[in-house]
Amino acid sequence: MSIKEQRIAEILVDHQGREGSLLPILHDVQAEFGCVDADSEKLIAQGLNLSRADVHGVVSFYHDFRPSADPRPEVQVCRAEACKARGVEAIIADAEKAAGERVRVSTVYCLGLCSAGPAARVGDRLHARLDSKGLVEVIENAR
């Protein structure tokens, strides 16, 4: 058994008996390996007695899951209506320029900081009331 197979088996055991465990399992696999690839989908499907198509359908539906690992840090920028109303679109170009190829800037729709936008998230850390300078600083400090 490979290390990957062993770790996925452990993740499956951690969630054993829980109702609706597929999404938490997928999040754990993504956190562990940086992606949910085809091999992981197959192992998860076998462990949950689902078809691979069932697992792949969930993986492909949610934009959080990647089919291959990307080692770059990720800065998620909220582009929902409240942040748009607070000017996020005007600061995106500077953010993408600052990110270059080193940082992945991705769009999310609502970080729950609607009254304090524009907002961004790096890992579990939230950043609010961002202007162009603030968002560039978040990107430059992303690890």
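Every read-out reported here was derived from the displayed coordinates using simple, explicitly stated rules and does not represent laboratory data. What you see is a predicted model; the values in this text were computed from it and never measured. No Cβ is skipped: glycine too gets one built from the backbone with ideal geometry, and neighbour counts run over all protein chains shown.
Annotations for the structure displayed:
- Dipole-positive endmost among 116, 136, 99 within the stretch 74-140 (Cβ charges, Cα centre): 116
- Whole-Hz couplings from phi, Karplus 6.51/-1.76/1.60, listed for the stretch 110-123; x for Gly and Pro: 4, 10, x, 10, 4, 7, 10, x, x, 10, 9, 9, 10, x
- Estimated 222 nm signal from helices in the chain, with DSSP H stretches of n ≥ 4 weighted -39500 (n - 2.57), rounded to 500: -14500 deg cm²/dmol
- Structure-derived log10 I(q)/I(0) by the Debye sum over Cα atoms at q = 0.12, 0.13, 0.20 Å⁻¹: which label, when the choices are (i) -0.58, -0.66, -1.06; (ii) -0.50, -0.57, -1.08; (iii) -0.46, -0.55, -1.44: (i)
- Angle in degrees between helix 3-14 and the longest Cα principal axis of the chain, rounded to the nearest 10: 90 degrees
- Size of charge dipole - the stretch 57-143 - debye, nearest 20, with Cβ of Lys, Arg +1 and Asp, Glu -1, no other charges: 100 debye
- Phi-based couplings in Hz for the stretch 89-98 (Karplus 6.51, -1.76, 1.60; Gly and Pro marked x): 4, 6, 10, 5, 4, 5, 5, 5, 5, 5
- Under the shape rule built on the C-alpha gyration tensor, where the axes satisfy a ≥ b ≥ c, the stretch 3-61 is rounded, since a/c falls short of 1.5.
- Separation between Cα centres of the stretch 112-140 and the stretch 27-96, rounded to whole Å: 19 Å
- 3J(HN,Hα) along the stretch 58-75: 6, 4, 6, 6, 8, 6, 6, 8, 10, x, 9, 5, 10, x, 5, x, 10, 10 Hz, from the Karplus curve 6.51 cos²θ - 1.76 cosθ + 1.60 with θ = phi - 60°, whole Hz, x for Gly and Pro.
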